[in-house]
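Let me begin by presenting the structure, written as structure tokens, before commenting on it.
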Amino acid sequence: MSPFVVPPRSVTVRAPAKVNCELRVGPRRDDGFHDLATVFMAVGLYDEVTVTPSAVWSVRTTGRYAGLVPDTKDNLALRAAKALARRARMAADPVAITIAKEIPVAGGMAGGSADAAAALIACDQLWGLRTDREVLASLAADLGSDVPFALHGGIAVGSGRGDRLAPVLARGTFHWVFALSETGLSTPEVYAECDRLRGDAEIPAPLPSAAMMAALRTGNCEVLAAALANDLQEPALSLRPELREVLEAGLEFGALGGVISGSGPTVAFLTRSAEHALDLCVSLTASGVAPEVKRARGPVHGATVITSPRD
């Protein structure tokens, strides 16, 4: 950093949740992972991560999910900050990280990945590194399968473990309602259940469907609703049978389509408009089938600096 540049006192970055419009899961690999073909959409439900220079590394979380997020070395945002510091040889410049958390924990919406992506962008800004975007994406992929998409945002096809991205040309804005759960689902357990349910069946290499690609090109919410699909939905429902009632209720109340988000347990419903989404939220809340309901639109941008005050 130039000695003539005054460093910011802190940097805050906002990063979005994601929904998998489509998630196709290939056979289990020798390394324990699965090849995926998934269509990500970033949606306007955000965590905000603030980094501030500090004498020691630390992380804390505020909001209703505070007690569910680790404040130890296992925290993904803290791991992201330290990874960037090691690459920049700045291990002696620790930061205090504060996560204002709105994305559900273990909800299938990549909240931890959003925090990691936000920490990478925030620390890069704080330290004045101007790291090449491809380098940040590589660091993101090392941290977790969904972290690169949290950097990218918009709509993209993910392959490999979901970390190799290709942008998707899409039209329109889509309005979602998310029925949240009080307890999360373990992603490894959902994949293990997927393998158990499949048994010895031969599973083809996963590919995004032509129907999904066509739906995104049209920008038609009803066409997209008909194309929603998730190979992890039945495994999630097997582990949490009560989620089937949530899915059925949302469709009964007029949702165009519904799908388990990622590995669950969040249930994502596609609606016709912002007004339709609000009506669905009211109906789901009144029915009592979901302890919390949120609405958001997509696609939205990936991790973005929102404040960087200077002395």
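For the range 91-178, the strands (runs of 3 or more DSSP E) that sit wholly inside it and include 1 or more residues that are charged (D, E, K, R) are 164-167. From (1) of a type outside the set (A, V, I, L, M, F, W, C); (2) surrounded by fewer than 21 Cβ atoms within 10 Å (Cβ to Cβ); (3) modelled with pLDDT of 95 or more; (4) within 20 Å of P16 (Cβ to Cβ), pick out the condition that doesn't hold for P241. The one condition P241 does not meet is (4). Close Cβ contacts (under 6 Å, 6 or more residues apart or on different chains) running from residues in the range 15-32 that are more than 16 Å from V267 (Cβ to Cβ) to residues that are of a type in the set (D, E) and modelled with pLDDT of 90 or more comprise A15/D47; R24/D231; V25/D231; G26/D35; R28/D195. Check the range 37-51 and report whether any residue there is over 30 Å from A215 (Cα atoms), out of contact with any Asp or Glu (no Cβ under 9 Å at 6 or more places or on another chain), surrounded by 14 or more Cβ atoms within 10 Å (Cβ to Cβ) and in the same structural domain as G128 (by TED's automatic domain parsing). Taking every residue of the range 37-51 in turn, at least one turns out to be over 30 Å from A215 (Cα atoms), out of contact with any Asp or Glu (no Cβ under 9 Å at 6 or more places or on another chain), surrounded by 14 or more Cβ atoms within 10 Å (Cβ to Cβ) and in the same structural domain as G128 (by TED's automatic domain parsing). For the range 187-230, taking the residues that are of a type in the set (V, I, T), modelled with pLDDT under 95 and part of a helix (DSSP H, G or I), the one that is nearest to R28 (Cα to Cα) is identified as T187. Scanning the range 156-184 for residues that are buried (at least 16 other Cβ atoms within 10 Å of the Cβ) and under 22 Å from L270 (Cα atoms) yields a total of 14.
Among the residues of the range 85-97, are any buried (at least 23 other Cβ atoms within 10 Å of the Cβ) and within 24 Å of V177 (Cα to Cα)? Within the range 85-97, not a single residue is buried (at least 23 other Cβ atoms within 10 Å of the Cβ) and within 24 Å of V177 (Cα to Cα). Within the range 260-280, restricting attention to residues that are in contact (Cβ under 8 Å) with a residue 40 or more places away in the chain and surrounded by fewer than 21 Cβ atoms within 10 Å (Cβ to Cβ), the residue that is farthest from D146 (Cα to Cα) is H276.
The condition (being out of contact with any helix residue (DSSP H, G or I) (no Cβ under 9 Å at 6 or more places or on another chain), modelled with pLDDT of 95 or more, over 22 Å from E22 (Cα atoms) and among the β-branched types (V, I, T)) is satisfied by just one residue among V300, V282, V305: V282.
Residue-level analysis places L228 outside the set of residues that are under 18 Å from H175 (Cα atoms) and either over 21 Å from the mean Cα position of the chain (by Cα) or aromatic (F, W, Y) (or both).
The values are calculated or read from the model by the stated rules, or taken from the named source; none is laboratory data. Remember, predicted model here, so these are calculated numbers, not experimental data. All Cβ positions, even for glycine, are placed from backbone atoms using ideal geometry, and neighbour counts span all protein chains on display.
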